[in-house]
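Following: one structure in structure tokens, then a few remarks.
The values are calculated or read from the model by the stated rules, or taken from the named source; none is laboratory data. Just so we're clear, the structure is a prediction, and the values are computed from it rather than from any experiment. Note that each Cβ is placed from the backbone with ideal geometry, even for glycine, and that neighbours are counted across all protein chains shown. In case anyone asks, the SASA skips ligands and DNA or RNA and just uses the protein heavy atoms, side chains included. Shrake-Rupley method; radii C 1.70, N 1.55, O 1.52, S 1.80 Å.
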Amino acid sequence: MRSFVIVVSAMFAMSAAARAEPPKVAVFDLEMIDTSLQGEVNGAQADEQARLARTGDQVRKALAESGKFRVLDIAPVNAAAHGSNLQACGGCDVKLAGEIGADLVMTGVVQKVSNLILNINLYLRDVHTGQLLAAASADMRGNTDESWSRATGYLIRNRLLAPNYGAPQAQ
């Protein structure tokens, strides 16, 4: 009888876990750090700004389709996010994500050294504690739609949706 109670209790626990809603995540558009000579001379480029937006959309779509996350609409705080440097604003990303009810917040930055050398970085934080849960990075060779899409796809497959991504690491 005792083993039956244990099995039934375990079944209820698994059933409750299966019904649990995935964490709500706010995925902000990526930002650009351009230290290239071209960036210094010409400033922000329209094609790169479009790639930043598409990269954010690519991440949001993949996370939503995975079922591991519930991706929230960032429209109510998007203007404030674009008016801030989310990587250096002292936690405003966490604050903005909290305003829309997120459990997690993802920000990202593309670092451009030249049209040949770029790097994409994604950061996942716990909105309730502000703690950095995970970071992922990939190098890109070439400043094209294809290179950005492939690097983002790599991060999605091998980091964002990989088992245990964002889980606390044993020490």
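Quick notes on this structure:
- Those residues of region 77-101 which are more than 15 Å from Asp29 (Cα to Cα) and assigned to a helix (DSSP H, G or I), in sequence order: Lys95, Gly98, Glu99
- Within region 56-76, the residues that satisfy the criterion of being closer than 21 Å to Val110 by Cβ and open to solvent by less than 50 Å² (accessible area, probe 1.4 Å) are Gly56, Val59, Arg60, Ala62, Leu63, Val71, Ile74.
- From the options Val41, Val71, Val127, Val110, residue that is modelled with pLDDT under 90 and of a type in the set (A, V, I, L, M, F, W, C): Val41
- Of the residues making up region 53-76, those that are farther than 17 Å from Arg125 by Cα, in a helix (DSSP H, G or I) and touching a residue at least 24 places away in the same chain (Cβ under 8 Å) are Ala53, Arg54, Thr55, Gln58, Ala62, Ser66, Pro76.
- One residue stands out in region 87-124 among those that are open to solvent by 40 Å² or more (accessible area, probe 1.4 Å) and of a type in the set (S, T, N, Q): the one that is farthest from Ala75 (Cα to Cα), namely Asn115.
- Of all the criteria given as (1) of a type in the set (A, V, I, L, M, F, W, C); (2) under 26 Å from Val94 (Cα atoms); (3) surrounded by 19 or more Cβ atoms within 10 Å (Cβ to Cβ); (4) touching a helix residue (DSSP H, G or I) at 6+ places or on another chain (Cβ under 6 Å), the one not satisfied by Met140 is (2).
- Pairs where the first residue, in region 123-143, is under 20 Å from Phe69 (Cβ atoms) and the second is surrounded by fewer than 15 Cβ atoms within 10 Å (Cβ to Cβ) and of a type in the set (S, T, N, Q), C-beta under 7 Å, 6+ apart: Arg125/Gln131
- Candidate set from region 24-52 (those that are more than 23 Å from Val77 (Cα to Cα) and either touching a Ser or Thr at 6+ places or on another chain (Cβ under 6 Å) or not in a helix (DSSP H, G or I) (or both)); member that is least open to solvent (accessible area, probe 1.4 Å): Ser36
- Within region 102-122, tally of residues that are in contact (Cβ under 8 Å) with a residue 40 or more places away in the chain and either closer than 27 Å to Asp47 by Cα or not hydrophobic (A, V, I, L, M, F, W, C) (or both): 14
- Annotation note: Cβ proximity below 6 Å between a residue of region 78-101 that is on the phi < 0 side of the Ramachandran plot and a residue that is in a helix (DSSP H, G or I) and open to solvent by 80 Å² or more (accessible area, probe 1.4 Å) (sequence gap 6+ or interchain) occurs for Ile100/Pro76.
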